[in-house]
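All remarks here apply to the structure that follows.
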Amino acid sequence: MENPVLQQNAEGNNETRCTQTTRNVMKTVDSALENKTSIVVNGRINDMAKTLSSGKNENYLKVNESEAAKRHKTEDSPW
């Protein structure tokens with residue numbers, strides 16, 4: 001593969017660096033939310049993308065930039 005991000009990670013678990021990095025970000029945000037709800041999506045990056053874009057995961061909302069900014073300024077945001 002020419003793209004180093006798509007190469008298998010050092011642990012050899014048949015995961016790419018992209019998959020591992022995405023999961024690490026999800027785990028970090030999950031811990032910031034005090035694990036009240038699990039936002040970690042399992043699987044490889046392509047599976048994660050399908051799950052997130054399907055809208056079937058209730059922990060993720062599909063919004064545009066304007067809607068995200070609006071939600072951030074209201075009570076709907078934990079931040």
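A few remarks follow.
- Flag: residue 62 matches the condition of being assigned to a loop (DSSP other than H, G, I, E, B) and touching a Gly at 6+ places or on another chain (Cβ under 7 Å).
- Pairs where the first residue, in region 20-42, is among the polar types (S, T, N, Q) and the second is surrounded by 12 or more Cβ atoms within 10 Å (Cβ to Cβ) and in a helix (DSSP H, G or I), C-beta under 7 Å, 6+ apart: 22/45; 22/48; 38/30
- In the set 34, 2, only one residue is exposed (fewer than 11 other Cβ atoms within 10 Å of the Cβ), modelled with pLDDT of 75 or more and of a type in the set (Asp, Glu); that residue is 34.
- Counting the residues of region 34-59 that are closer than 16 Å to residue 19 by Cβ and in a loop (DSSP other than H, G, I, E, B) gives 6.
The values are calculated or read from the model by the stated rules, or taken from the named source; none is laboratory data. Computed from a predicted model, the values in this text were never measured in an experiment. Every residue, glycine as well, gets a Cβ built from its backbone with ideal geometry; the counts of neighbours run over all protein chains shown.
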